[in-house]
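K.L.:
Would you mind keeping the following structure in view while I ask a few things?
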Amino acid sequence: MTQLKGVCDRLRGTPFLWAVLCGCLYTLGFAPFNLWPLALLALWGVASMAFQLQGFWRVVLFVFVFAFCHYLTALNWLIGSFLAMYDPLWLAWLLGVVCVVVLSAFLAAFMALFLAPAVRLLQGRGVLVQGLFFASFWVAFEAMRSFLVPTFAWNLPVHVWADSPEFLQALPHVGLFGLSFIFVLSAVWLRCPVGRVFSVLLLVGVYLNGLAVLSNAPDGLTEKDEKGLSVHVVSGYVPQKEKWQKQTKWSYLNDYLERSSPPEEVDLLIWPETAVTYYVERDDALRDYLRQKTTAEAFVFGAPSYRLGGYYNSLYKMDADGQLSFRYDKRYLVPFGEYFPFQNWMPAFLQKFLQGQSSYSSGQADQQGLMVKGVVFAPLICGEIVLPFAADLVDGDADYVLNITNDAWFRGFWGPAQHFAIVKVQAALLQKTVLRVAHGGTSALIDAYGRVLWQLVDGEQGVLSL
């Protein structure tokens, strides 16, 4: 312990090395590691050092280094979207690394310039007062970045509790940013004896409240929730480049079809986002083929669509007669995957390089829910489930949220694990059971308390009853 204390003292004597350590520790609080006490420790370390530093620009630089190291390590999965889409490989790596570095630097600068004035104003005040204002400014920053790019409301402080459903039960009362505030406040208050008492009481209170809620919650879907709908979920994984190639996409479509013959009759078959890479509305023969090869009464799948001069990321429902009776177009797009920010400002050769998968249009704001045999699903595609205002997209009368997604963009990186973690948090926030059907990620049924009731990994298929 003495040696450990000595190491910590030496690190604290070098503020910017301390910032690097805290940034990396904070990342370990999120998926795939989910070590939330380390994230708490990291924020304690940030506040402890920031309030000791003299000089406004030293505080700015310290916060910048912390945030840059955190975003650089936590958002490394963005490189995968470039590797998944672009050739040659060296240029994809170069653009991916540059993108992550620039984005991390931008977010870090934003955080530093937002927090540093608050830190300087609060220096010399009591720890309890510092904690209240520091946590308020931190969460205000998180809210601003989340609403500026809604599908990028990624790794908020509350997301460290994705695997701790007891803490998530406070979400319906205080929301994403309220629970994030509690987390940051608890970390900052650890800096003094009285604050530590309040921190422990705060965290224990939130935990015990969740424990009480979960003790009265059913272990699975209640009779009220169950609608008697049998659902066949087919997950899969195809490398993103191969998925869209003319010479391979037909074989991958047939692979999905071969795995779509359930051991029993089902009401609904669901495939993930863009599992079908053809424009089904324009291809009568393909629709007939899909209907002949599937036996479920209703078939829901993701596919691209094109109309009025725009491309859309869509979810379709096909009926037993082969007709498409429902289409939902994704409303909120993911940067770098479905559109490239500031693409029109780039040199012509880069605009040409980035054409294709980064050119989707947004769907209309007012779209209806999906109904299958009287059961209403609120459809959300991929990153729409991440939105801090996702409740505005979900009809209150919907029985379930259906989230189809394609996580193959970020295969081999931490993105799929972080995405799945956020879905668990959002299920507790929405107080709706979420059925997630993923390509290149985890498919799962998550109850309204954020607990995973059933799940599949890549390439698996299974039947469940809703």
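K.L.:
Taking amide H atoms as placed 1.01 Å from N in the peptide plane, list the residues 5 or more away in sequence, or in a different chain, whose amide H sits under 5 Å from that of ILE404.
P.N.:
LEU380, CYS382, VAL437
K.L.:
In the range 110-242, how does Rg compare with the Kirkwood Rh, expressed as the Rg/Rh ratio over alpha carbon atoms?
P.N.:
1.11
K.L.:
Out of all Cα-Cα pairs in the range 169-210, roughly what percent, to the nearest whole number, are more than 16 Å apart?
P.N.:
33 percent
K.L.:
Right, here's the next one. Would you calculate, for the chain, the mean residue ellipticity at 222 nm contributed by helices, counting each DSSP H stretch of 4 or more residues as -39,500 (n - 2.57) and dividing by all residues, to the nearest 500?
P.N.:
Per the formula, -15000 deg cm²/dmol.
K.L.:
On alpha-carbon atoms, Rg over Rh for the range 367-424 using Kirkwood Rh?
P.N.:
Computed over Cα atoms, the ratio is 1.03.
K.L.:
Between ARG125 and VAL174, what FRET efficiency comes out of the Förster formula 1/(1 + (r/R0)^6) with R0 = 22 Å and r the beta carbon distance, rounded to 0.05?
P.N.:
So, using R0 = 22 Å, E works out to roughly 0.35.
K.L.:
In percent, how large is the relative contact order of the chain, given Cα pairs closer than 8 Å and 6 or more residues apart?
P.N.:
16 percent
K.L.:
How would PHE377, PHE177, PHE147 line up from fewest to most surrounding beta-carbon atoms within 10 angstrom?
P.N.:
PHE147, PHE177, PHE377
K.L.:
So how far, in whole Å, is the C-alpha centre of the range 261-280 from the one of the range 106-182?
P.N.:
40 Å
K.L.:
Let me ask another. Test of understanding: what is the full-extension gain from TYR289 to ASP366, defined as 0.36 nm times their sequence separation minus their Cα-Cα distance?
P.N.:
Extra length from TYR289 to ASP366 when fully extended: 24.6 nm.
K.L.:
Need one word for the range 48-101: rounded, prolate or oblate. Basis is the Cα gyration tensor (sqrt eigenvalues a ≥ b ≥ c); a/c below 1.5 gives rounded, then a/b vs b/c decides.
P.N.:
prolate
K.L.:
Let me ask something else. For the chain, with only Lys/Arg (+1) and Asp/Glu (-1) charged at the beta-carbon, what is the dipole magnitude about the Cα centre, in debye rounded to 20?
P.N.:
Dipole magnitude for the chain comes out near 2000 debye.
K.L.:
I've got another one for you. Please compare each pair in LYS241/LYS432; LYS293/LYS432; LYS330/LYS373; LYS249/LYS373; LYS249/LYS432 to a cut-off of 27 Å on the Cα-Cα distance and tell me which ones are over it.
P.N.:
Cα-Cα > 27 Å for LYS241/LYS432; LYS293/LYS432; LYS249/LYS373; LYS249/LYS432; rest within.
K.L.:
If you don't mind, another one. If you take the alpha carbon radius of gyration of the chain and divide it by 2.2 N^0.38 Å, what ratio comes out, to two decimals?
P.N.:
Scaled against compact globular proteins, the figure is 1.03.
K.L.:
Then there's this: On a 0 to 90 degree scale, rounded to 10, what angle separates helix 193-215 from the longest Cα axis of the chain?
P.N.:
Compared with the principal axis, the helix lies near 20 degrees.
K.L.:
Using the Cα centre of the chain as origin and beta-carbon charges of +1 (Lys, Arg) and -1 (Asp, Glu), tell me which of ALA417, PHE181, GLY45 is placed farthest towards the positive end of the dipole.
P.N.:
Working it through, the farthest residue towards the positive pole turns out to be GLY45.
K.L.:
Just rank PHE16, PHE301, PHE56, fewest to most, by other beta-carbon atoms within 10 angstrom.
P.N.:
If I rank by nearby Cβ atoms, fewest first, I get PHE56, PHE16, PHE301.
K.L.:
Right, another one. Determine the principal axes of the Cα atoms in the range 2-215, then give the extent along each, sorted from largest to smallest and rounded to whole angstroms.
P.N.:
Here the Cα extents, ordered largest to smallest, are 57, 47, 37 Å.
K.L.:
Using 1/(1 + (r/R0)^6) with R0 = 30 angstrom and r between the beta carbons of CYS192 and GLN54, what's the FRET efficiency to the nearest 0.05?
P.N.:
Between CYS192 and GLN54 the formula returns 0.90.
K.L.:
Going by how many other Cβ atoms sit within 10 Å of their own, how do VAL463, VAL394 line up, fewest first?
P.N.:
The fewest-first ordering by Cβ neighbours comes to VAL463, VAL394.
K.L.:
Suppose the chain between VAL98 and LEU208 were pulled fully straight at 0.36 nm per residue; how much longer would it get relative to their current alpha carbon spacing?
P.N.:
35.2 nm
K.L.:
What shape does the range 230-465 take by its C-alpha gyration tensor, where a ≥ b ≥ c are the square roots of the eigenvalues and a/c under 1.5 counts as rounded, a/b above b/c as prolate, and the rest as oblate?
P.N.:
Judged from the Cα gyration tensor, the range 230-465 comes out rounded (a/c under 1.5).
Every read-out reported here was derived from the displayed coordinates using simple, explicitly stated rules and does not represent laboratory data. Predicted, not measured: the structure shown is a model, and the values here were computed from it. Neighbour counts run over all protein chains shown; Cβ positions are idealised from the backbone, glycine included.
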